[in-house]
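*Asks:* The following block contains the structure, expressed as structure tokens.
Laboratory data are not the source of any read-out in this text; all were calculated from the coordinates shown. Because the structure is predicted, anything quoted here is derived from the model rather than measured. Counting neighbours? That spans all protein chains shown, and the Cβs are built from the backbone with ideal geometry, glycine included.
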Amino acid sequence: MQTVQSVVGIFGLLAITFAISENRRAVLFRQAAVGLGLTVVLAALFLKIPQLKFSPSRRSATASMPSRRRAAPAPVSCSAISAEDRCHSS
């Protein structure tokens, strides 16, 4: 059902852009079809090929790498702050 909804949505957006176009005769349908086809092919590649899939955790690639945590910032003492900017506000 999601696939049908997606296809209807794509063609719906194309129909809306065609409907609000000022110069409909200038629309090259072959060029639009090639662009849409290229989009579908790239989407299929990104979804099906494991090396191109987006993985937010990427645990398999970084499991052997050491953690790169930042050191905590050094505490600032009141003596290091100028007289105008004392730690204790009044």
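*Asks:* Take the alpha carbon atoms of the range 1-54, find their radius of gyration, then divide it by 2.2 N^0.38 Å using N residues; give the quotient.
*Replies:* Working: Rg = 14.2 Å, N = 54, 2.2 N^0.38 = 10.0 Å.
Ratio of Cα Rg to 2.2 N^0.38 Å: 1.41.
*Asks:* Which value in nm describes the separation of the simple spin-label points at Ser6 and Asn23, placed 7 Å from the Cα toward the beta carbon?
*Replies:* Distance between label points: 3.5 nm.
*Asks:* Hey, rough spin-label estimate for Ala15 and Leu36, points 7 angstrom out along Cα→Cβ, what's it come to in nanometres?
*Replies:* Rounded to a tenth, the inter-label distance reads 1.1 nm.
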